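Visitor: One structure, pasted below without further comment.
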Amino acid sequence: MIYDAKTCDKRGLVWRSTRDKTLLSLGLVTPSQAWATPDNRSGSPSYKRYADTVRALQTRPRTYRWNGATYSVWPRVAYDNTSGAWDEAVRSGLISRSDARQMQSSFGYYVGYRVYVTDGGRLAYAFAGE
């Protein structure tokens, strides 16, 4: 998946997301919409999704158990509200230091982009926000 995101392989990511029944953007978009690759890269939310996926997967994951399933979640700050986890998300480029401060003061926890993969390797979720 990280290779597909790095190379902006829409076909590979749509295939995986469709196969895995991935919930993207909290179910508000289809895999084709989520991984769209328009010609103009500047300001494109889908290109940000590719970059954010790569950045997230280059951080350390955190194991999260929910509703009878076990997930690896990137970045770990989504469920590890420690300064080290916040610093890792900032160093990865996923969020800025200013974004981190804003999230901490407004919400008290991370609300940025995150990726969930089941213990069986299924891409389960990819979304930002609460």
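The values are calculated or read from the model by the stated rules, or taken from the named source; none is laboratory data. Just so we're clear, the structure is a prediction, and the values are computed from it rather than from any experiment. Cβ: placed from backbone, ideal geometry, glycine included. Neighbour counts: every protein chain shown. When the accessible area is computed, the model is the full protein with side chains, heavy atoms only, and any ligands, DNA or RNA have been set aside. Shrake-Rupley method; radii C 1.70, N 1.55, O 1.52, S 1.80 Å.
Visitor: ³J(HN,Hα) across the range 68-85 via Karplus (A = 6.51, B = -1.76, C = 1.60, θ = phi - 60°), whole Hz, x for Gly/Pro?
Guide: x, 10, 10, 10, 9, 10, 10, x, 5, 4, 4, 9, 9, 7, 9, 4, x, 5
Visitor: Here's a follow-up. In deg cm²/dmol and to the nearest 500, what is the mean residue ellipticity at 222 nm of the chain if only DSSP H runs of at least 4 residues count, each as -39500 (n - 2.57), divided by the residue total?
Guide: Working: 6 runs with 52 residues, N = 130.
Rounded to the nearest 500, the figure is -11000 deg cm²/dmol.
Visitor: Loop only per DSSP, at most 16 neighbouring Cβ atoms within 10 Å: give me the chymotrypsin sites (Phe, Trp or Tyr not before Pro) in the range 93-124, ordered by residue number.
Guide: Working: sites: PHE107, TYR109, TYR110, TYR113, TYR116; in loops: PHE107, TYR109, TYR110, TYR113.
For chymotrypsin sites (Phe, Trp or Tyr not before Pro) across the range 93-124 that sit outside H, G, I, E and B with at most 16 neighbouring Cβ atoms in 10 Å, the list reads PHE107, TYR109.
Visitor: In square angstrom, what is the accessible area per residue of the chain with a 1.4 angstrom probe? Before the final figure, lay out each step's value.
Guide: Details: 7200 Å² over 130 residues.
I get 55 Å² per residue for the chain.
Visitor: So what does ASP119 come to for accessible area, using a 1.4 Å probe and Å² rounded to 10?
Guide: Number for this one is 130 Å².
Visitor: Gain in length, ARG122 to SER96, computed as 0.36 nm per residue apart minus the alpha-carbon separation, to one decimal in nm?
Guide: Numbers: separation 26, 0.36 × 26 = 9.36 nm, distance 2.90 nm.
The span from ARG122 to SER96 would gain 6.5 nm if fully extended.
Visitor: Might you work out the accessible area of THR118 for me, using a 1.4 Å probe with all protein chains in place, and round it to the nearest 10 Å²?
Guide: Probe radius 1.4 Å; accessible area of THR118 about 20 Å².
Visitor: Given the Cα atoms of the chain, and with Rh set as the inverse mean 1/r over their pairs in the Kirkwood sense, what is Rg to Rh to two decimals?
Guide: On the way: Rg = 14.2 Å, Rh = 14.9 Å.
Over the Cα atoms of the chain, Rg/Rh equals 0.95.
Visitor: Whenever you get a sec, line up LEU57, LEU28 from highest to lowest accessible area (probe 1.4 Å, protein heavy atoms).
Guide: On the way: LEU57 35, LEU28 140 Å².
Ranking LEU57, LEU28 by accessible area, largest first, yields LEU28, LEU57.
Visitor: Rounded to the nearest 10 Å², what accessible area does LYS48 have for a 1.4 Å probe in the complete protein model?
Guide: Accessible area, nearest 10 Å²: 110 Å².
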